[in-house]
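Only the coordinates and a few stated rules stand behind these numbers; no lab work does. What you are looking at is a predicted structure, and each value in this text was computed from that prediction instead of being measured. Note that each Cβ is placed from the backbone with ideal geometry, even for glycine, and that neighbours are counted across all protein chains shown.
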Amino acid sequence: MAHSLPDLPFAPDSLAPWMSAETFSFHHGKHHNAYVTNLNKLIEGTEFAASSLEDIVKKSEGGLFNNAAQHFNHSFFWNCLSPSGGAPSGDLASKIDAKFGSFDAFQAEFTKAAATQFGSGWAWLVQKSDGSLAITATANAGCPVRDGDTPLLVVDVWEHAYYIDHRNARPAYLEGFWGHVNWEFVASNMNG
Ligand code: MN
């Protein structure tokens, strides 16, 4: 199956000044688009030509894995973002409190994982197969579905995610992230 670049689920200028339309024109329009183009070239004529994106992420290696996982991770990341922020509610809020003690403690731990990921990568809130929550960070194109975990929330900490709007200040980018999380999407990813 041919993979395609998803539209952003919001207007590209609606997250400014935290994340500008200029950033989206590069990050979504060029970086993400290139991963999709490369993915389609790399699967042509291979055993992965008819596979779902998730199957490719689970089973491929090398350049194919990198492009497939970057397509998955970016599509997931856009869905995690929203012009307005908020806080989790219901079952997700209860699970966060049970695991981390409080929402503030969860935010601090997630922010630390994102801030201290050396070089390019991603910080995630995931749900393990036993239903418990965990914070993890992956390098480069790393993706938790590879380990059988269910991703709930992600933040991109590649420099291309923040350099136009925040230059080298990853902490400022992460501070603004908390005002732009789509908690309804995060909750919808829970596996029970
Ligand atoms: Mn990115």
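Among the residues of the stretch 87-118, those identified as touching a strand residue (DSSP E or B) at 6+ places or on another chain (Cβ under 7 Å) and farther than 15 Å from Tyr173 by Cα are Lys95, Ile96, Lys99, Glu109. Within the stretch 112-145, the set of residues being in contact (Cβ under 8 Å) with a residue 40 or more places away in the chain and either surrounded by 19 or more Cβ atoms within 10 Å (Cβ to Cβ) or under 13 Å from the mean Cα position of the chain (by Cα) (or both) comprises Ala114, Gln117, Trp122, Leu125, Gln127, Asn140, Ala141, Gly142, Cys143, Val145. Just one of the listed residues (Ser25, Ser60, Ser20, Ser14) is farther than 19 Å from Trp158 by Cβ, hydroxyl-bearing (Ser, Thr, Tyr) and out of contact with any Pro (no Cβ under 6 Å at 6 or more places or on another chain), namely Ser60. Screening Gly119, Gly131, Gly142, Gly179 for residues that are more than 29 Å from Ser60 (Cβ to Cβ) and in a loop (DSSP other than H, G, I, E, B) leaves exactly one candidate, Gly179.
The residue that is farthest from the ligand (Cβ to nearest atom), among those in the stretch 1-53 that are outside any loop (DSSP other than H, G, I, E, B) and among the charged types (D, E, K, R), is Lys41.
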